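The values are calculated or read from the model by the stated rules, or taken from the named source; none is laboratory data. The structure presented is a predicted model; accordingly, all values stated were derived computationally and were not measured. Cβ: placed from backbone, ideal geometry, glycine included. Neighbour counts: every protein chain shown.
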Amino acid sequence: MSPTVSGTVRNVKRAVSRKAEALTESVSAALTEASETGGQTRRGRQQDGRSSRWAEHRVARRVALIESAITAIREHGAGAGMDQIAAAAHTSKPVIYRYFADKADLHRAVVGRAAADLLARLLAALGSVTDPRETMAAGIDAFLGMIDDDPELYRFVVSHQSDAAGLMREYVAGISAIITEHLTEALTTAGRDPRRADTAGAAIVGFIRAAADWWVDHPDEITRAELTEYLTTLLWDGASGLYGEPPGHSPSKR
């Protein structure tokens, strides 16, 4: 590459990396805040000792109730109701509603907690490899790992997306940014134009989510390892990687 082109792609890579890092931190903070506080911030308000202690107690109680909700979901399935959640928390529904505005507020908090955990899982997986294809496989396997480990929680997240539309947008944007950063690095290293990495990143997220939604309802049809390899091959090599070329086939000239 000429120095000018080389410098351009390096600048693009740095810009995307900074954007991905900032967005990921923002998403993590938003998801955590939704889980712990329900988005109720206290900026600009001076608190005395008693109100501060109540705020800390409220956060701790919400976190504990979210854990109880996840326990109930794992035991009773994605359709677990408030009675079952209250039983898992060894409390009553009126007590739960002291800490959550309504059922949708609790649903948002559970979705935020699950999304934050998945984001952390993806970051850990992608940080452990450097080869581009292995990186793609690691990301897919990490996503499928949540379904493998917690299928009912995943079903809950999917079925309650409408209660947490804003959080889901933040979550998808965060994962897309992470993938875009890795794609930009791979394209830059290969001497290719990385400016469409963001488009590819968004497409990959949608592709994997659609496959994951199918797998959660068909877990016996293919193993996690097999699905990871299948999706990686499809993304990395395209359809030709799955089906190969028929005997005597020659690429058409355009």
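Taking the conditions exactly as written (more than 29 Å from His107 (Cα to Cα), in contact (Cβ under 8 Å) with a residue 24 or more places away in the chain and not aromatic (Phe, Trp, Tyr)), does Thr180 satisfy them or not?
So Thr180 fits the description; yes.
What residue, among those in the stretch 93-130 that are of a type in the set (Val, Ile, Thr) and farther than 20 Å from Ala69 by Cα, is farthest from the chain's Cα centre (by Cα)? Working first, answer last.
First, pick out the residues of the stretch 93-130 that are of a type in the set (Val, Ile, Thr): 95-96, 110-111, 129-130.
Add one more test, that the residue is farther than 20 Å from Ala69 by Cα, and what stays is 129-130.
Values: Val129: 19, Thr130: 20 Å.
Filtering the stretch 93-130 for residues that are of a type in the set (Val, Ile, Thr) and farther than 20 Å from Ala69 by Cα, the one farthest from the chain's Cα centre (by Cα) comes out as Thr130.
Is it true that Arg209 is farther than 13 Å from Leu118 by Cα and not hydrophobic (A, V, I, L, M, F, W, C)?
no
Just to be sure I understand, how many residues within the stretch 76-90 are within 20 Å of Ala115 (Cα to Cα) and out of contact with any helix residue (DSSP H, G or I) (no Cβ under 6 Å at 6 or more places or on another chain)?
Selection size over the stretch 76-90: 1.
Have a look at Glu21, Glu56, Glu33 and point out the one that is exposed (fewer than 12 other Cβ atoms within 10 Å of the Cβ), at pLDDT below 95 and among the acidic types (Asp, Glu). Break it down stepwise before answering.
On the way: Glu21 fails: exposed (fewer than 12 other Cβ atoms within 10 Å of the Cβ); Glu33 fails: exposed (fewer than 12 other Cβ atoms within 10 Å of the Cβ).
None of the other options fit; the residue is Glu56.
Among the residues of the stretch 210-224, what is the count of those that are in contact with a helix residue (DSSP H, G or I) (Cβ under 8 Å, 6 or more places away or on another chain) and in a helix (DSSP H, G or I)?
Residues flagged as in contact with a helix residue (DSSP H, G or I) (Cβ under 8 Å, 6 or more places away or on another chain) and in a helix (DSSP H, G or I) within the stretch 210-224 amount to 6.
Please verify whether the stretch 121-144 includes one or more residues that are touching a His at 6+ places or on another chain (Cβ under 8 Å) and hydroxyl-bearing (Ser, Thr, Tyr).
Yes, that holds for at least one residue.
Restrict the check to the stretch 88-99 and report whether at least one residue is within 20 Å of Gln161 (Cα to Cα) and in contact (Cβ under 8 Å) with a residue 40 or more places away in the chain.
no
For the stretch 139-182, name all the residues that are assigned to a helix (DSSP H, G or I), over 25 Å from Ala101 (Cβ atoms) and of a type in the set (D, E, K, R).
Asp141, Asp148, Asp149, Glu181
In the stretch 158-177, which residue that is under 11 Å from the mean Cα position of the chain (by Cα) and not small (Gly, Ala, Ser) is nearest to Gly127 (Cα to Cα)?
Only one residue fits best here, namely Ile175.
Test Gly248 against the criterion of being part of a loop (DSSP other than H, G, I, E, B) and modelled with pLDDT under 95, and give yes or no.
yes
Can you tell me how many residues within the stretch 162-177 are surrounded by fewer than 22 Cβ atoms within 10 Å (Cβ to Cβ) and of a type in the set (A, V, I, L, M)?
Final tally of qualifying residues: 4.
Tell me, which residue of the stretch 127-138 that is surrounded by fewer than 19 Cβ atoms within 10 Å (Cβ to Cβ) and part of a helix (DSSP H, G or I) is modelled with the highest pLDDT?
We begin by selecting, within the stretch 127-138, every residue surrounded by fewer than 19 Cβ atoms within 10 Å (Cβ to Cβ); these are 127-134.
Now restrict to residues that are part of a helix (DSSP H, G or I): 132-134.
Details: Pro132: 84, Arg133: 89, Glu134: 92.
Restricting to residues being surrounded by fewer than 19 Cβ atoms within 10 Å (Cβ to Cβ) and part of a helix (DSSP H, G or I), the top hit is Glu134.
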